[in-house]
Amino acid sequence: MHRIPTSPPHILPLSIEDKDRPLWSVMIPVYNCANYLAETLNSVLSQAMPEKDMQIEVVDDASTDTDVEALVKHIGNSRVKYFRQPENVGSLRNFETCINRAKGKLIHILHGDDKVRTGYYSAISQLFRDYPEAGAAFCRHNCINETGQQVYSQPSEMKQPGILNNWLPKIAERQRTQYVAITIRREVFEKLGGFYGITYGEDWEMWARIAKHYPIAYTPAMLADYRKHSSSISENKYRTGQHIKDIAQAIELIQSHLPQSQRKTILQKSKRYYAHHCMKIANQLWRKLHDQQVVDTQVKQVLYLHKEPWLYWKITQVYIKIFLHTLWRKVLQ
């Protein structure tokens, strides 16, 4: 079995009757994120939803950083279940396991380094009650760092809770939410399959795929915290430029979800947005690492994605910083 599925993995429908199922499945995929897992678990447990209404399960992709099972038992007692992969299967196969093991009608894939705020589950439950036609529902989220400090806040998509209008072209243009903020009906995964193709941007493709087939509900309430840290999949891909290759592939995959009349325009908007976004990341990497080879890799991949004068000016600015830094080091020697 390939670590990265080449097509959406099949999700098996459940045989148990609705009356025997919880409303919620909070599935927590983990791999070497023990420093944050207690916060993640406590953020769910503090909302005190009974076991008959919410399944909570940690799905461990053969972590090596600590005894995850012992940590789960210590924090969650018998309330949080634990499952360990027999070997490391990779993030996408671990998500597939999460979805197939989920018994609830609503699935929240909550990564073991993210956390939800008080009121998340009640607010999302209300959205699904108010809009039963919705295939997914999400809220605003904060981005936080290793220590929990706020890095940025996601802008609101609209001022009041409701169904998002004209959502497919908006989500197809660029990523607008994160796993921590969004909940999916299990039946949607059963119909459309799971995550596939790439390990950076696979969620963006999934959100667009769902938006093609279902209305999406939304609340502007800030109820989720998405964590960025140095050992995450994203950070590791930034250093090699692989994130840009994955973004380019995600953009192409998303094209198939769009009406033919919208594809060219959204393709151009996506490539432009992510070229500039990735140059912002290149700047951040230079400030953090002072490694020109890392910047060179970013720039090369960015120019495969998109070219325009403003982008070349941003690239020039980065190399001016590198030149001045190198010159200053020579002066100090």
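Please treat every number below as a calculation from the coordinates, not as lab data. From a predicted model like this one, the values you see are computed outputs, not experimental measurements. Methodologically, a virtual Cβ is constructed for each residue, glycine included, from the backbone with ideal geometry; neighbour enumeration extends over all protein chains shown.
Side notes on the structure shown:
- Cα centroid of the range 118-140 to Cα centroid of the range 195-213, whole Å: 20 Å
- Dividing the C-alpha radius of gyration of the range 206-333 by 2.2 N^0.38 Å, with N its residue count, gives 1.29.
- Two-decimal log10 I(q)/I(0) for the chain, as the Debye equation yields it once each C-alpha is a single scatterer, q = 0.07, 0.08, 0.13, 0.14 Å⁻¹: -0.30, -0.40, -1.02, -1.17
- Qualifying lysines (Cα of each under 30 Å from Cα of Lys288; at least 8 residues distant if same chain): Lys115, Lys228, Lys237, Lys245, Lys269, Lys271, Lys280, Lys300, Lys307, Lys314, Lys321, Lys330
- Straight-distance candidates among the lysines for linking to Lys52, with alpha-carbon spacing under 20 Å and chain neighbours fewer than 8 residues away dropped: Lys19, Lys73, Lys81, Lys103, Lys105.
- Distant-in-sequence amide H partners of Ala62 (H built 1.01 Å from N, under 5 Å): Gln85
- Cβ-Cβ FRET estimate between Lys321 and Tyr152, R0 fixed at 30 Å, reported to 0.05: 0.85
- Charge tally in the Cβ shell below 9 Å around Arg84, where Lys, Arg are +1 and Asp, Glu are -1, Arg84 excluded: -3
- Label-point separation, Arg84 to Lys228 (7 Å along Cα→Cβ), nm: 3.3 nm
- Added length on full extension, which subtracts the Cα-Cα distance from 0.36 nm per residue, Ala70 to Asn283: 72.6 nm
- Once the Cα atoms are used to define both axes, helix 309-332 deviates from the longest principal axis of the chain by about 70 degrees.
- The range 69-138 - Rg and Dmax from Cα coordinates, angstrom: 14.5, 42
- Separation between Cα centres of the range 222-269 and the range 295-333, rounded to whole Å: 23 Å
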